[in-house]
1. Would you tally the residues in the range 340-358 being open to solvent by 20 Å² or more (accessible area, probe 1.4 Å) and not in a helix (DSSP H, G or I)?
2. Give the range 35-60 a look and list any residue that's in contact (Cβ under 8 Å) with a residue 12 or more places away in the chain, open to solvent by less than 90 Å² (accessible area, probe 1.4 Å) and farther than 25 Å from D92 by Cβ, or say none.
3. Kindly establish whether M65 is outside any loop (DSSP other than H, G, I, E, B), open to solvent by 50 Å² or more (accessible area, probe 1.4 Å), aliphatic (A, V, I, L, M) and over 23 Å from S148 (Cα atoms).
4. Would you point out the residue of the range 25-53, among those that are among the hydrophobic types (A, V, I, L, M, F, W, C) and at pLDDT below 90, that is farthest from the chain's Cα centre (by Cα)?
5. Assuming Y389 fulfils every condition listed in (1) of a type in the set (S, T, Y); (2) within 30 Å of M93 (Cβ to Cβ); (3) assigned to a helix (DSSP H, G or I) apart from one, which condition is it?
6. Could you list, in sequence order, all residues of the range 68-77 that are in contact (Cβ under 8 Å) with a residue 60 or more places away in the chain and either open to solvent by less than 30 Å² (accessible area, probe 1.4 Å) or over 30 Å from the mean Cα position of the chain (by Cα) (or both)?
7. For F80, which of the numbered conditions (1) modelled with pLDDT under 90; (2) loosely packed, with under 14 Cβ neighbours inside 10 Å fails to hold?
8. Please determine, by comparing only the residues of the range 442-461 that are more than 15 Å from P81 (Cα to Cα) and touching a Leu at 6+ places or on another chain (Cβ under 7 Å), which one is least open to solvent (accessible area, probe 1.4 Å).
Amino acid sequence: MDVEEFRTRGKEMVDYICQYMSNIESQRVHPDVETGYLRKLLPNEAPQEPEEWDNIMCDVDKKIMPGITHWQHPRFHAYFPSGNSFPSILGDMLSDAIGCIGFSWAASPACTELETIVMDWYGKAIGLPDDFITSSEGSKGGGVIETSASECVLVSMLAARNQAIKYLKTENPHCQMEDSAFLPKLVGYCSKEAHSCVEKAAKILLVKLRILEPDENGSLRGDKLRAQMEKDKAKGLFPFFVSTILGSTASCSFDNLEEIGPVCKEQKRCWLHVDAAYAGNGFICPELKYLLKGIEYADSFNTNPNKWLLVNFDCSCLWVRDRIRLTHALVVDPLYLQHANADEAIDYRHWGIPLSRRFRSLKLWFVIRKYGLSGLRSYIRNHIKLAKYFEKLVREDIRFEVVNDVRLGLVCFRLLASDNVNQKLLAIINASGKLHMTPSVVKNKYIIRFCVNSEHAQQEDIEHAWEIIKEYAAETTMKERPPLTRQKSKRFSFTRSISKEMYKRSMSRSNLCDGATPILVADSDEEDTLVEDTTILPDEEDDVFTKEFVDGLRIKFTMKSARSARVRVPSGKGAHGCISVVYVCECEVEWAWVAGESAPEPRRTT
């Protein structure tokens, strides 16, 4: 392809992108394809001879696009936003055209210097302490663009590990041990709400990780952390790293930095990292800066503009309070990478895992300049307003409950029914292609995550989504279905199919989750399983009633009409145990007591 053909094809590609973005609403949100569909459509070997561009683009339309999940679709409410905008696309186009590899200042001075400047811009807008801003007087810190939050957590833990081992060696000057000999003593901490990348980083770095229970609001508290640290120190272990979250994947919960920070400072060398991959972008709004309380204790902080700042992947921003403590763990300086300005300039190859680095600061610079902070704040505030509106719609429907504190753009909700019912609801909604959401577990309940993602989301989009949810909620609770088999569940794209037994085992583990894979729980591995009855016993795994309320009680649900049933249930002795069940069906309760009365003869109520 010469320059003239590129000029022609480039303009055609811009037109293609514009048409795609303008008509995306007419597409299914995610594809209706089976695993391996593309293998059947493409040749087994690469072509020997050049092909015409028109033929290539024809295959894009016919073979690639049918398998695309449209993350920019106004009905895509899964995960967190996948940042994208036209200024960002143009920034990546220019970066690709320049094609520099900015591992050092000498490799491309503008690539390095723009990254430092734009990271200072963004850090100041968020409200980070001056210690994190390169240009601040006396600052030893600074910012760098990494590929993802996972890499930010990994390099922060690596720096913390290096710092801890260095300290332990100075405390034992006569001990001639290799660094690896200290690894069994090191222990890190995080909340059960933390992202799975923390667990992965600990595995890579061969250190222990304590996964601590948060409070009822999903927040890790200082007393819980201190108690575990004291137990570990009594065993001869060395607390070296704490990873906190501001805006968890599961429910957008916030750890208590004001309590955790002092606990970390009490330790001899304990690095405090703050992972704000999604929520951190919102801190450019003055009214949200209160969520940053305690940031003055942090050693490092990360957020992802490629989530909630209209910058396309990859662009994850990491700031550190002391860049020497970071680079000391990562510096490898062969002669062929050295240059005359090394003492005066930043070489970002020492700030992360890879040597090679793209010119990613261009797209962040383009977006900030084109939208301005005022435009970006308006975008974020619109998402929050729409999430609050969706929360209001959910709370007004007595069939549902909201299970998180809605402060940003994420609403976690569920039917007031069993986990199985909620799994089925999410499965049929996603399978319809009309809407896409993902699940998580909050307060030990299977919940559905609804996140406002589209740049141009409007109230009409939220209302349309809610109508779809209500429609399938009624269908889910009124109709019996054959059990979902693993063979059939493979038809639901973007999911992982597991058996009931595997799901139960996974629920009992303490491992962190990434919130990345919707799970469909198959009732059976057989294709021809049939429903025999609908009787629900109190000792079944996912009964809507907790065991403490229904000990010895048998309840039979018959699906006849859409009604809300208020059921009075004893808690073993007397008649003080009373719960309300909202279920879209007619309930025949064979045993019932009314609160405040002594137990009468058995009677039936409908």
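1. Residues that pass the stated criteria total 12.
2. If the condition is that a residue be in contact (Cβ under 8 Å) with a residue 12 or more places away in the chain, open to solvent by less than 90 Å² (accessible area, probe 1.4 Å) and farther than 25 Å from D92 by Cβ, then Y37, L41, L42 are the ones that fit.
3. yes
4. Keep residues of the range 25-53 that are among the hydrophobic types (A, V, I, L, M, F, W, C), which gives 29, 33, 38, 41-42, 46, 53.
Still in the running and at pLDDT below 90: 29, 33.
Working: V29: 19, V33: 25 Å.
For the range 25-53, the residue satisfying everything is V33.
5. Checking Y389 against (1) of a type in the set (S, T, Y); (2) within 30 Å of M93 (Cβ to Cβ); (3) assigned to a helix (DSSP H, G or I), the one that fails is (2).
6. Matches in the range 68-77: T69, H73, P74, R75, F76, H77.
7. That leaves (2) as the condition not met.
8. I448
The values are calculated or read from the model by the stated rules, or taken from the named source; none is laboratory data. Values in this document were obtained by computation on a predicted structure and should not be read as measured data. Please note: Cβ atoms are built from the backbone with ideal geometry, for glycine as well, and neighbour counts cover all protein chains shown. Accessible surface areas use protein heavy atoms only, side chains included; no ligands, DNA or RNA. Shrake-Rupley method; radii C 1.70, N 1.55, O 1.52, S 1.80 Å.
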